Every structure is written in C-alpha cells, then in structure tokens.
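Notes follow the structure.
The values are calculated or read from the model by the stated rules, or taken from the named source; none is laboratory data. Just so we're clear, the structure is a prediction, and the values are computed from it rather than from any experiment. FYI the Cβ positions are ideal-geometry reconstructions off the backbone, even for glycines, and counts take in every protein chain you see.
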Ligand code: HXC
C-alpha cells in the first residue's frame, strides 16, 4: 500500500509535469521572443494569489501520429477563475510550448467549461490566445472543439463581457473565437492574427507579405479594425485588460463598479467656451471636450488607431461608467464613413447590451461622398449605426457641439432615434446641409457671386444654428460649453432608472 507521503509525492510530480508544459527548451524559446508563458500571464493578470485552476490533469486522447507518446497534463491550456480588483473573472491561457498552443478536443472542453461557468456565475471571460489553431493531428475532433467554442461565444455574447488577448502567432480557429468576443487586445511586436498565414497566401495568390504586415498589431488596430487595443508587452497588455474590466459590469444584469471621485460634478471648464472656432471650417480636437467633462479628465479610448474620424471609449461621470461616441472634427472633418459607422455601431451595441449609458458628442458634416463609399456599401454600413442607436434602450445623452447636418444629424443619437436628453451649444448648426451646399442647390441658377455669397450668409444666420431644432423640442436645452460636465451628469442622474423595452421579437435584422 502507498504511504500518504508517496501519494502526496505523486500529486506533486503530476503538478510539476503540468507546470513544465512543453519543456525547458520550448519555454526558453517563448521567453526569447519577449513573451511570458501561459502560467506567468495568468499570474500577472489576476490579483496576487487569487487564481484557481481547473483541469490541470486533463490530457489529450489522440493516438494518431504517435501522439500517445507525448502526453502533457493540462494539454496546453491553463484555465480557471480568480479575482481582478476583487471581482470574479474567468480566464484561460493557451500554452504555446505545448503543440504550439493548438486546440485539441480536450483543451477545447477545458475552455468550454470555463465559459459555461462564467455564464452561470455572471462573470467576464478573458482568453489569452497564443495558438496555431486547430491541432492538426486531431483532425475533425479539433474542428468540433472550435465549433463548440464559437457557439458558446455567441451564446455568451451580451450575457458576460468576453475579452481576448492575442499574445503570439494566432491562426485559423484561434482568431475566429476572439473575433466574436467584445474586445481584442494585441501585443506590440509579438502578436499576429490571420486566417491563413503568409506561406499559404504565397502558394495560393502568389502575394508576398510579411507576418507583421499581414496580421501584426497595427494591421488589425489601424487597417482592418479587427483589434481594439495594443499593449507594449505582455505585462502592459494584461494591465490594460484589467483596466478595461474596471469600467464594465460583470454581466448584463449587474451594474458597472462605481469609483467615487473628488472631481466636483459642477466643475466649470472655461476653456471650453472658446474651443469651437468661429470659422465653421476650422477643426478642433473633440478629445478636449471629452476630457473636460470626464471624472479626473480621464478617458479610456477604444480603437484609437482606427477610423479616427469617430472617437469611442469609456469615461466615468460622478463615478459611474458611461460610453462616449464622438465625431472628431480634427480628422476628415469628423465625417461619417463606412469604417467610422462600423466602429461606433458595435460600440453602441456593446454599451446597450451591458446597460452602460451612451454620451454622444456631435460635430458631423454628413456622410462622406464618393464612389469608394457608395460601392463599399455606405448605405448599409451607415444604417448599422442608425439601427444600433435606435435599438439601444440605455440612457442616451446627446450634445451637438457644432455641425449636425443631414442624415448624420438623425443618425448621431438624435431625439428621433430615442435620445433622452439632447443638448446643443449655441455654436450648433442643425440643418439638412451646410450653407454652401444648400445655396448651390436651391439657387442653382444664381450666377452673381456676390448675391450667392449673401444667400449663403442668410442661410447660415437662419438655419445654421440650434434654435430651429430647439423651437421644435428636438433640442431640450441649449447650454454653455463651460457647463458641459454638470449638465451631462445631471442628465445621467435623471435617466438612471430609465426603463424602456423594444417590442418582443426573436431578434431584429440589423443590416449586416
Ligand atoms: C499542431 C502545431 C500547430 C497546429 C503549431 N504547432 N501549430 N501542432 N497543430 N495547428 C507546433 C509545431 O509543430 C511546433 O512543434 C510548435 O507548435 C511551434 O510551432 P513553430 O511553427 O515552430 O512556431 P512559429 O515558427 O512561431 O510559427 C507559429 C505558427 C505556425 C505561425 C502558428 O506553427 C503555423 O503556421 N502553424 C499552423 C497554423 C495552421 O494552419 N493551423 C490550422 C488552422 S485551421 P514543435 O514540436 O517543433 O515544438 C483551423 C481551423 C479552425 O484552425 C476552424 C476555423 C473556422
């Protein structure tokens, strides 16, 4: 009979094997690329000592290609739960040292267990991905594992926040599951995402492209819009995820944590009074308004490198999380185009799903004209933003800072789409189009330049202001810029217990 000590020893040995992952050589290779191991990532991510691991002893069952000779307890994924700032969070981290972090049937089941627990307990799931995709030796078993994960990702969507970090070279299924989650983080110089890698592309299309260019962090943060954040290294990325979580509720029923602030709610911002230039064609930086209104002037921006003509992100107002969507006149005059519509629409839907009020700051000259936009489907993509705002039942507070022209006026959380409070600055211009465009159409046959200029001035005076909309009740209140923080906080307070439901249905049909 084995002594108790022997039993403990066996237990220690099995734990050690699980911790050794793919062995020292592969761990050294992982480290030489500036990357942490899966276990180090989990340690760095959670509050100290709070992580509890599931399924450390699980092994794969594959007997193809001599796989039964390489059995590593845990099978290449570390999974479990712990605390982030004292709040329950579930996580899994793929271990690249074990078959390149590839997904086996058994490690898919570990991830599925974590996701199901997270949904049941109402806590976020964080996936630290570092994987070559489906485990090739397992064939369809691995594909089945991915399919099951995808299905759960979809079921969890809108129930608990799902956050992905791409922390190595991720291919195939290892990028599709993150794509369904709410936010994707990448790591500078060491993470890549692609459905098919450079080698396959070279064979099929004869294009030569580097890993970095094809699927590096800037490609996905600035060009494709697949990713939302870039961290400077593994640790920094994990800290950014912790910060994002601090703004979010744990699930679709709970409220986001409240962070009390010493920043006075009636703090006046004199600098805002003259931020908007008197020349309507001059840009200014919308971030200044966001920072001026936010608690401690702090704005946590999302997708800062993509479609910079619109800004999205989180602030706290009197301690409570709010989502911000704002046109950025400093970039392409703040115009709405395909990319900015997509960026904002998905964010609006995230906020709505998780009961986060939305503050919309408007300075938009309209939709971007041109064949590129029309052929690219600006009609349906712009409609997504409209749809998202109209469908959202969370508190919606809108402030028109300057331009709100044409369809873009309607789209940007207008009264007509159900905004609860619509403010405007005295500098607001709300009309079907800008003065020059309007005069060129209405007075098409007017040849005299002087008379045309006068008509432009008349139009500007009569229509390019907030008063027509205010007379109709489409603007609830015209406010001084210096009072922005106080007025928005008061609107958020007023709407805190808002109850609004859309008609019962299976689901709507957003123009995808
Ligand atoms: C099994 C894998 C693997 C995989 C990598 N490895 N990917 N083992 N299945 N999918 C193993 C390697 O054999 C190697 O083992 C170790 O992991 C490290 O891989 P390297 O190639 O040495 O690393 P690196 O040079 O950094 O390249 C990483 C990589 C590359 C870019 C991820 O390995 C790669 O291209 N892998 C295949 C990617 C792929 O095509 N996956 C299938 C996708 S299809 P040793 O023993 O040498 O350490 C898919 C379908 C899902 O996922 C459905 C989606 C809808």
Note to self: Any residue at all in the range 143-153 that's surrounded by fewer than 24 Cβ atoms within 10 Å (Cβ to Cβ), within 18 Å of the chain's Cα centre (by Cα) and more than 10 Å from the ligand (Cβ to nearest atom)?
What the structure shows: yes
Checklist line | In the range 168-215, the residues that are touching a strand residue (DSSP E or B) at 6+ places or on another chain (Cβ under 6 Å), more than 12 Å from the ligand (Cβ to nearest atom) and more than 23 Å from residue 347 (Cα to Cα) | finding: 188
Check: So residue 24 clears everything in (1) surrounded by 13 or more Cβ atoms within 10 Å (Cβ to Cβ); (2) over 33 Å from the mean Cα position of the chain (by Cα); (3) within 16 Å of the ligand (Cβ to nearest atom) except one condition, right? Which one?
Finding: (1)
Note to self: Can you tell me which residue is nearest to the chain's Cα centre (by Cα) among those in the range 278-301 that are within 30 Å of residue 45 (Cα to Cα) and in a loop (DSSP other than H, G, I, E, B)?
What the structure shows: 299
Item checked: Residues (part of a loop (DSSP other than H, G, I, E, B) and more than 16 Å from the ligand (Cβ to nearest atom)) located in the range 31-53 -> 46, 47, 48, 49, 50, 51
Next item on the list: Take the range 54-72 and flag every residue that is under 19 Å from residue 142 (Cβ atoms) and more than 16 Å from the ligand (Cβ to nearest atom).
Entry: 55, 58
Check: What is the residue count in the range 428-470 for residues that are surrounded by fewer than 20 Cβ atoms within 10 Å (Cβ to Cβ) and under 28 Å from residue 486 (Cβ atoms)?
Finding: 4
Next item on the list: Select, from 118, 123, the only residue that is within 17 Å of residue 154 (Cβ to Cβ) and either more than 16 Å from the ligand (Cβ to nearest atom) or modelled with pLDDT of 95 or more (or both).
Entry: 118
Next item on the list: Give the residue that is surrounded by the most Cβ atoms within 10 Å (Cβ to Cβ), with candidates limited to residues of the range 46-79 that are under 17 Å from residue 19 (Cβ atoms) and within 24 Å of the chain's Cα centre (by Cα).
Entry: 79
Notebook entry, point to check: Can you tell me which residues in the range 132-142 are in a helix (DSSP H, G or I), surrounded by fewer than 23 Cβ atoms within 10 Å (Cβ to Cβ) and either under 31 Å from the mean Cα position of the chain (by Cα) or near the ligand (Cβ under 8 Å from one of its atoms) (or both)?
Noted result: 136, 137
Margin query: Here is a check on your reading of the model: is residue 165 more than 15 Å from the ligand (Cβ to nearest atom), in contact (Cβ under 8 Å) with a residue 12 or more places away in the chain and surrounded by 24 or more Cβ atoms within 10 Å (Cβ to Cβ)?
Written below: yes
Check: Only one of these conditions is not met by residue 71: (1) assigned to a loop (DSSP other than H, G, I, E, B); (2) touching a residue at least 24 places away in the same chain (Cβ under 8 Å). Which number is it?
Finding: (2)
Notebook entry, point to check: Only one of (1) at pLDDT 95 or above; (2) assigned to a helix (DSSP H, G or I) is not met by residue 174, so which one is it?
Noted result: (1)
Item checked: Candidate set: the range 93-109, residues that are surrounded by 24 or more Cβ atoms within 10 Å (Cβ to Cβ) and more than 9 Å from the ligand (Cβ to nearest atom); chosen: the one farthest from residue 251 (Cα to Cα) -> 95
